[in-house]
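Visitor: Mind looking over this structure? Questions follow.
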Amino acid sequence: MRWAVAILVLAQAVGIAGCTEPARKPRAAYLLIDAPRLRSAQAQAVVNYFLSALQPGESFGIACLGTGNFSDRDTIGSVSLDARPSLATQQKHLLKKKFDEFTSSPRPAGHLDIAGALLYTVAQLGETNAEERYVLILADLGKEQIPEPVKDFPLQMEGCRVIPIIVENGELIGRQQAAALKRLEAWEEWVQAGGGEWQVVNDLALLGTIFPGS
Amino acid sequence: MSHRDLFIILPGSPLLSVLLWIGVAVAFLYLARFPAHRAIISFSRMVHGALRLASRSTLLLEKRVAARTREVMINAGVEERERSLEREFQRTAEAVTRDLSGYPALQRILVEQSGKIDEEYRNSALMPPPPPGWVRAVEVLAKLPAEGDASVVPILNYIHKTVESQYHTAMTDYNRAVSERQATLKRIMPYWRKVSETLDEMGHRIKRVEERAKAVDISMAEYEEIRSHPDQAVRALSASSMARFFTAAAFLFIALGGVVLNFHLIALPMSEMVGGGSYIGSFRSSSVAALVIIFVEFSMGLYLMEFLGITRLFPSLGQLDDKMRPRLAMIAFVILTILAGVEASLAYVRDQLAGDLQVFQQSLTPTQGAQPASTWIPATGQMVIAFVLPFALTFGAIPLESLIRTGRSVLGITAAASLRWAAFALRALGHLFLRLGRLGVHLYDLLIFPPLWVEALLRYRCRRAEGLLEEQAPQ
């Protein structure tokens, strides 16, 4: 009799456990936005998406590109969300506020130090102990002004996925587009040489599949 | 030289080669006819025998399972009737204690009432005062002739008037006495009424005890019926078990829905306590904590039902002291109430978290969405549901017990039926193999019909030559 009760209760537990969400590896993401796009609708959309998709215990940071050599001063804000949902929501509020304040004034566009920014963000993400790490770049990596990566000095990017968000390349045509693609390929090779993954996103809706929310 | 060329006997004419091969094959088959027949028959009989043996074994197993199920059902039926009898005895004992414990008081009331009635009756028996003794003498005087002495007549008249006056006085006294007697008898009426009511109440109480006794008799008769006619009892119990099993399963399914709802109410706010980002195995810690809370509540509900004597899943709990059980039931109830309170609080936290999240989402997209008209209604609803659900789930112990008790019988019946069908299928398959063996023999002969035909023709001619047969063509 007691065995029957135990089996029934266990079956019930398994049944209910089946209704719960599957285990998710802890994640961390860093968003790099170049200065001219800080006030764009795309930047707002990407930031808003990540703030709503992040779960308690996960980490997120935002930094600005295009102000010369990348340094700590370019960090807009970063947060490791608390395990308690109520505190996590407050932290998200604060980060959003920081971002809005930062973008309220226009920033001068300058040299894009992509390699430096990647070096910094990879180090930052490494400190979070997250199993899934994402670096999102909202900048035109195909621009001629951006120097190509130095292949002899690859970055250690194991477990990192670099996601350039390119949604407005329609203006490039012919030779320009071919050159831009070539530069992108160079970046891809550089990231992969460092052990990272490379995934270009052309549609913001794809973020839902790459970094799913709750 | 290709693989196919190996089979070409006559180069250049493959058809003839094929025919030659067929002829060779038929000849070999004809030569191996009897051993082949025996092999086919032996194989089919072997398979048939094996399947028959398997069928018999399955039937034996089915009988054992059926016998065991029968024992289980009879034992379950007997146990159930014993429980029913026990409860009836308890109720009878309670009825006797409640109804007949007041019997001495009723008897005392009756004695008092009858004493008062007796006293009043005796009072009513007081006779009116008898007429004075001189009246008879006056009657004699009254009979004397009135036309006598003139000096006597006035005396007599005076005496007559005096007597009449006395008579009226006596009659008045008598009437008064009779009236008083009637009044006394009238005073007895309430005592009679009270006696009647007391007797009626006694009658009702005895009737209730009688009804309980009848219920005990019915349960006892059912108990004896199971003991004396187990076959009929098994049939009845079998149908009853099935019905109860499916009813209990349906109710448990509903209870499971309640558990899932409960889980979703407290899983999110649990992350405020144990953290939302940690995992135990492949499950969130908050989900596991919510499950633990729900199962502790369910366990408390089970214990409560056990201590109250409604279910009997754990015999050791049923054997506890009668004074101890209500105390333990109270403890279980208090724990259950505390947990229900915790759940209600968690439901409130859940509503708060959902509200915060909604506000945050609205801040991300300020042009969309609007504040809900009222937030206290869903919050209150969630709290009430979270508080009530643990108590409602307590009653899930009753169908759970029913499911477990009938589960063995239903499982046995289902297993026996499946084994019976399996035995039938094995037996049918065995017969099929036997028939297939005979069919195989006939098909074999069909393949080698030319030599068989020749053989039959030759045999016919031989017999004909020996004069054994009349003119008859071979078939």
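Visitor: For a footprinting-style exposure proxy, rank B:Phe295, A:Phe99 by other Cβ within 10 Å, fewest first.
Guide: Values: B:Phe295 16, A:Phe99 21.
Ascending number of Cβ neighbours within 10 Å: B:Phe295, A:Phe99.
Visitor: Determine ³J(HN,Hα), in whole Hz, for all residues of region B:334-344 in sequence, where each value follows from phi through the Karplus function 6.51 cos²θ - 1.76 cosθ + 1.60 and θ = phi - 60°; x replaces Gly and Pro.
Guide: With the stated coefficients, region B:334-344 comes to 5, 4, 4, 5, 4, 5, 5, x, 4, 5, 4 Hz.
Visitor: Could you work out, residue by residue across A:78-89, how many beta carbons of other chains sit within 10 Å of that residue's beta carbon, and then give the average as an integer?
Guide: The mean count of partner-chain Cβ atoms within 10 Å per residue comes to 5.
Visitor: I'd like the per residue volume of the convex hull spanned by the Cα atoms of the protein assembly as shown, given in cubic angstrom.
Guide: Roughly 515 Å³ of hull volume per residue.
Visitor: In terms of Cα to Cα distance under 20 Å, which aspartates and glutamates are near enough to B:Lys323, apart from those fewer than 8 places away along the same chain?
Guide: Correct list for B:Lys323: B:Glu86, B:Glu94, B:Glu306.
Visitor: Return the whole-Å distance between the Cα centroid of region A:56-99 and the Cα centroid of region B:30-87.
Guide: 72 Å
Visitor: A further question follows. Please give the net charge around B:Leu85, taking every other residue with its beta carbon less than 11 angstrom from that of B:Leu85, where Lys and Arg add +1 and Asp and Glu add -1. Could you put the intermediate results ahead of the total?
Guide: Details: positive: B:Arg81, B:Arg83, B:Arg87, B:Arg91; negative: B:Glu79, B:Glu80, B:Glu82, B:Glu86, B:Glu88, B:Asp217, B:Glu222, B:Glu224.
Spelling it out: positives minus negatives among the neighbours equals -4.
Visitor: Can you figure out the FRET efficiency of B:Arg91 with B:Ala417, using R₀ = 25 Å and their beta-carbon distance, to the nearest 0.05?
Guide: 0.05
Visitor: Per residue of B:295-308, what is the mean number of Cβ atoms on other protein chains within 10 angstrom of that residue's Cβ?
Guide: Partner Cβ neighbours, averaged per residue: 1.
Visitor: Another question, if that's okay. Once you put a point 7 Å from the Cα of A:Arg39 and another 7 Å from the Cα of A:Gln199, both along the Cβ direction, what distance in nm separates them?
Guide: So the label points at A:Arg39 and A:Gln199 sit 3.3 nm apart.
Visitor: How would you rank B:187-194, A:118-125, B:391-398, highest first, on the average number of other Cβ atoms within 10 Å across their residues?
Guide: Numbers: B:187-194: 14.0, A:118-125: 20.5, B:391-398: 18.6.
So the peptides B:187-194, A:118-125, B:391-398, ranked by packing, come out A:118-125, B:391-398, B:187-194.
Visitor: Moving to a separate point now. Of B:Met46, A:Met157, B:Met273, how do they rank once you tally other Cβ atoms within 10 Å and put the fewest first?
Guide: Details: B:Met46 12, A:Met157 25, B:Met273 16.
So the residues, fewest neighbours to most, are B:Met46, B:Met273, A:Met157.
Visitor: Which angle between 0 and 90 degrees, to the nearest 10, do you get for helix B:152-228 versus the longest principal axis of chain B when only C-alpha atoms count?
Guide: Helix B:152-228 and the main axis of chain B meet at about 10 degrees.
Visitor: What size of dipole, in debye to the nearest 20, comes out for region A:26-210 about its Cα centre when the only charges are +1 on Lys and Arg C-beta atoms and -1 on Asp and Glu C-beta atoms?
Guide: Numbers: 17 positive and 23 negative charges, 107 e Å.
Value, rounded to 20: 520 debye.
Visitor: Here is a follow-up. Please arrange B:Val153, A:Val135 by how many other C-beta atoms lie within 10 Å of their C-beta, fewest to most.
Guide: The order, fewest Cβ neighbours first, is B:Val153, A:Val135.
Visitor: Amide H of B:Tyr279 versus every other amide H placed in the peptide plane: which residues, excluding those fewer than 5 positions away on the same chain, fall under 5 Å?
Guide: Correct list: B:Ser285.
Visitor: Collect residues whose amide H, placed 1.01 Å from N in the peptide plane, falls under 5 Å from the amide H of A:Tyr30; neighbours closer than 5 in sequence don't count.
Guide: Those qualifying (amide H under 5 Å, at least 5 residues apart or on another chain) are A:Gly61, A:Tyr134, A:Val135, A:Leu136.
Visitor: Give the percent of DSSP beta bridges with both residues in the protein assembly as shown that are antiparallel, rounded to the nearest 5.
Guide: Here the antiparallel bridges make up roughly 25 percent for the protein assembly as shown.
Visitor: What is the Cα centroid distance between region B:265-293 and region B:91-126, reported in whole angstrom?
Guide: 69 Å
Visitor: Could you go through region B:283-293 in sequence order and give the Karplus-derived ³J(HN,Hα) for each residue, using 6.51 cos²θ - 1.76 cosθ + 1.60 with θ = phi - 60°, rounded to whole Hz, and x for Gly and Pro?
Guide: 10, 4, 4, 5, 5, 5, 5, 4, 5, 4, 4
Visitor: Once you list every other residue whose beta carbon is under 15 Å from the beta carbon of B:Ala392, what net charge do they have if Lys and Arg are +1 and Asp and Glu are -1? Please report the intermediate quantities before stating the final value.
Guide: Details: positive: none; negative: B:Glu297, B:Glu343.
Its environment carries a net charge of -2.
Visitor: Could I ask something else about it? How many partner chain Cβ atoms sit within 10 Å of a residue's Cβ in peptide B:269-280, on average, as a whole number?
Guide: Taking the mean over all residues of the peptide, I get 5.
A short reminder: the numbers here are calculations on the coordinates, not readings from a lab. Since this is a predicted model, take the numbers as computed values, not measurements. Neighbour counts run over all protein chains shown; Cβ positions are idealised from the backbone, glycine included.
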